[in-house]
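Remarks on the structure that follows.
The values are calculated or read from the model by the stated rules, or taken from the named source; none is laboratory data. The shown structure was predicted, so the numbers you read here are calculated from the model rather than taken from an experiment. Cβ sites come from the backbone with ideal geometry, for glycine too, and all protein chains shown count toward neighbours. Areas reflect the complete protein model, heavy atoms only, side chains present, ligands, DNA and RNA absent. Shrake-Rupley method; radii C 1.70, N 1.55, O 1.52, S 1.80 Å.
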Amino acid sequence: MTVDDTGAGTGTHPAPRDADDAADKADDPLALRLEQLILGAERRYTAFQAARTAGVSMELASRFWRAMGFPDIGQAKALTEADVLALRRLAGLVEAGLLSEAMAVQVARSTGQTTARLAEWQIDSFLEGLTEPPEPGMTRTEVTYPLVELLLPELEEFLVYVWRRQLAAATSRVVQAGDDEEMVDRRLAVGFADLVGFTRLTRRMEEEELGELVEAFETTAADLVAARGGRLIKTLGDEVLFAADDAGTAAEIALRLIETMANDDTMPELRVGIAFGTVTTRMGDVFGTTVNLASRLTSIAPKDTVLVDGALAEELTRTGDAPASESEANAEAERAEKEGLEPVTYRFGLQPMWQRPVRGLGMIEPWLLSRRD
């Protein structure tokens, strides 16, 4: 929300960008009815009035509204009792000393960014498909209101349920951290999976086909990462970023991704790079040299292969997931077979590649990861 010369600031909601747009929107009765249905309240306040009613300074209200990602509304009455209550709650957490002001703004920003993407997906991919007019002569808008009315409480309950589940899982990971520093800077395996030749595909495929391919890739990757115990950090169209607490889990995810995509004729080839080391986590994202290294490894990986850094290779060896030497492992297996003993088995194989310089990271020695029979 931006404070203007009148002291009436600008604020936010899925609201119009200025007073003229507000008037135009108010002329659309269905749009207004849908907004009231979803928000559970009607418009009553300007941004200035909402801040004053909530007992919050215009400066703090402005930071909260902007952090949530909503457009300016000028002096239009576009805010509701729910907006006032949300503002009061955030400010109350700061006043009670439970959150610093900076942390409260981060809460607003992370929540706004996450739910904005969710809402866009639900409207673009979900509601559009369900609101096809069932009978000739009916418009999509005539179907939308009763559908939203039925879905809203169910989707709201499900959203809260998933959020609580994710919060419980994240809290458990933090509590199990070895010390306070590990809560923010942790040792993780970080991997990038990248579709090969995606730029060329964008020039050959229709937009709808391209969208379906990206959605299929993201869905497949998300399911595989979750099923194997990793965490999908974010998707970038032709690339996904994932993390795992241990090297073996990350290696299994990477190879499963390669194998699954290779068996799908509709998908381009895939390449994966993984690095292991200290990672800084902020707002659900990961940062640091380890992440940069994983990205560089992905960019130099041949198609349908997984490249890992020396730290991850060393960790796989330490945990017994991969042999320190393939030749020695094969020799040991032959000796065990001759003596009638059970040979030591390994999940993964590692092959050293040529050292090479990587911009910003110096010389690195990639290792080619494979699955051992």
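Give the residues of region 58-86 that are part of a loop (DSSP other than H, G, I, E, B) and open to solvent by 10 Å² or more (accessible area, probe 1.4 Å), sorted by residue number. Working first, answer last.
First, pick out the residues of region 58-86 that are part of a loop (DSSP other than H, G, I, E, B): 69-78, 80.
Across region 58-86, the qualifying residues are GLY69, PHE70, PRO71, ASP72, GLY74, GLN75, ALA76, LYS77.
Answer yes or no: is there a residue in region 329-345 that is among the aliphatic types (A, V, I, L, M), in contact (Cβ under 8 Å) with a residue 24 or more places away in the chain, open to solvent by less than 40 Å² (accessible area, probe 1.4 Å) and more than 30 Å from SER110 (Cβ to Cβ).
Checked region 329-345: no residue is among the aliphatic types (A, V, I, L, M), in contact (Cβ under 8 Å) with a residue 24 or more places away in the chain, open to solvent by less than 40 Å² (accessible area, probe 1.4 Å) and more than 30 Å from SER110 (Cβ to Cβ).
What's the number of the condition GLN351 fails, among (1) in a strand (DSSP E or B); (2) open to solvent by less than 40 Å² (accessible area, probe 1.4 Å); (3) more than 19 Å from ILE253 (Cβ to Cβ)?
(2)
When you look at GLY288, is it on the phi > 0 side of the Ramachandran plot and surrounded by 15 or more Cβ atoms within 10 Å (Cβ to Cβ), yes or no?
Numbers: on the phi > 0 side of the Ramachandran plot: yes; surrounded by 15 or more Cβ atoms within 10 Å (Cβ to Cβ): yes.
For GLY288, the condition - on the phi > 0 side of the Ramachandran plot and surrounded by 15 or more Cβ atoms within 10 Å (Cβ to Cβ) - is met.
Can you name the residue in region 335-350 that is at pLDDT below 85 and hydrophobic (A, V, I, L, M, F, W, C) and, of all such residues, is farthest from GLU365 (Cα to Cα)?
Filtering region 335-350 for residues that are at pLDDT below 85 and hydrophobic (A, V, I, L, M, F, W, C), the one farthest from GLU365 (Cα to Cα) comes out as LEU341.
Quick check on my filter: what residues within region 52-78 are closer than 24 Å to ALA119 by Cβ and at pLDDT 90 or above?
Within region 52-78, the first condition is being closer than 24 Å to ALA119 by Cβ, and the residues that meet it are 54, 61-74, 76-78.
Matches in region 52-78: ALA54 only.
Of the residues that sit in region 108-137 and are at pLDDT 75 or above and small (Gly, Ala, Ser), which one is farthest from MET283 (Cα to Cα)? Working first, answer last.
Step one: filter region 108-137 for residues at pLDDT 75 or above, giving 108-123.
Checking the rest, the ones that are also small (Gly, Ala, Ser) come to 108, 110, 112, 116, 119.
Numbers: ALA108: 11, SER110: 6, GLY112: 12, ALA116: 15, ALA119: 19 Å.
This residue is ALA119.
Looking only at region 278-289, filter to residues that are out of contact with any helix residue (DSSP H, G or I) (no Cβ under 7 Å at 6 or more places or on another chain) and within 16 Å of LEU232 (Cα to Cα); which one of those is modelled with the lowest pLDDT? Spell out the reasoning first.
Just the residues of region 278-289 that are out of contact with any helix residue (DSSP H, G or I) (no Cβ under 7 Å at 6 or more places or on another chain), to begin with: 280-282, 285-289.
Still in the running and within 16 Å of LEU232 (Cα to Cα): 280-282, 285-287.
On the way: THR280: 88, THR281: 81, ARG282: 78, ASP285: 83, VAL286: 88, PHE287: 90.
Once the filter is applied, the top-ranked residue is ARG282.
Among the residues of region 258-268, is there at least one that is without any contact (Cβ under 8 Å) to a residue 40 or more places away in the chain and either of a type in the set (S, T, N, Q) or open to solvent by less than 20 Å² (accessible area, probe 1.4 Å) (or both)?
yes
Cβ-Cβ distance below 8 Å, separation of 6 or more or different chains: which pairs start in region 186-204 with a residue that is surrounded by fewer than 16 Cβ atoms within 10 Å (Cβ to Cβ) and end on one that is assigned to a helix (DSSP H, G or I)?
Going by the 8 Å Cβ cut-off, the qualifying pairs are THR202/LEU210.
Would you confirm whether any residue within region 192-211 is within 19 Å of the chain's Cα centre (by Cα) and modelled with pLDDT under 90? Outline the logic, then answer.
Taking region 192-211 first, the residues within 19 Å of the chain's Cα centre (by Cα) are 192-195, 211.
Within this subset, residues satisfying the condition of being modelled with pLDDT under 90 are 211.
Within region 192-211, one or more residues are within 19 Å of the chain's Cα centre (by Cα) and modelled with pLDDT under 90.
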